[in-house]
Amino acid sequence: MLWRTSKSHHKKNNMDNKIDRIIENLKEVFDPEIPVNIYDLGLVYSVDVEGTTATVLMTLTAPGCPAADMIVADVEYMTKKVDGIEECKVEITFDPAWDKSMMSEEARLELGFM
């Protein structure tokens with residue numbers, strides 16, 4: 001059985017809270033060609049926090065996305081808006097490649113895919 005001290009439990013809850021706030025902020029980042037945020041599009045694969053550094057693993061709708069630099073800059077900015085986050089590392093991957101099935105139900109509805 002694993003026991004946590006109140007301090008370690010608080011630390012984990014605080015980290016989870018930061019991740020939740022980062023995700024909420026990422027819902028304010030849009031691909032300029034698509035009227036849905038990057039989180040609901042399914043472009044964000046993971047958000048991790050270690051200390052004051054957040055790492056966002058994400059993809060783009062296409063490898064040659066002309067808005068890639070702007071989207072990455074927006075992700076960094078919105079992530080660092082969370083109290084206690086001083087650095088944001090954005091890692092872009094195309095494995096797995098993005099497809100429409102990764103979108104939330106709300107995004108598919110908004111874009112007319114349902």
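Summary table
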read-out	value
Hey, residue 59 more than 27 Å from residue 113 (Cα to Cα), polar (S, T, N, Q) and either buried (at least 19 other Cβ atoms within 10 Å of the Cβ) or without any contact (Cβ under 8 Å) to a residue 60 or more places away in the chain (or both) or not	no
Qualifying position, being at pLDDT 95 or above, more than 11 Å from the chain's Cα centre (by Cα), hydrophobic (A, V, I, L, M, F, W, C) and farther than 12 Å from residue 26 by Cα, among 94, 113	94
Only one of 85, 71 that is in contact (Cβ under 8 Å) with a residue 24 or more places away in the chain, surrounded by 17 or more Cβ atoms within 10 Å (Cβ to Cβ) and either of a type in the set (Lys, Arg) or more than 13 Å from residue 25 (Cβ to Cβ) (or both)	71
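The values are calculated or read from the model by the stated rules, or taken from the named source; none is laboratory data. Since this is a predicted model, take the numbers as computed values, not measurements. Positions of Cβ are generated from backbone atoms using ideal geometry, with glycine treated the same way; all protein chains shown enter the neighbour counts.
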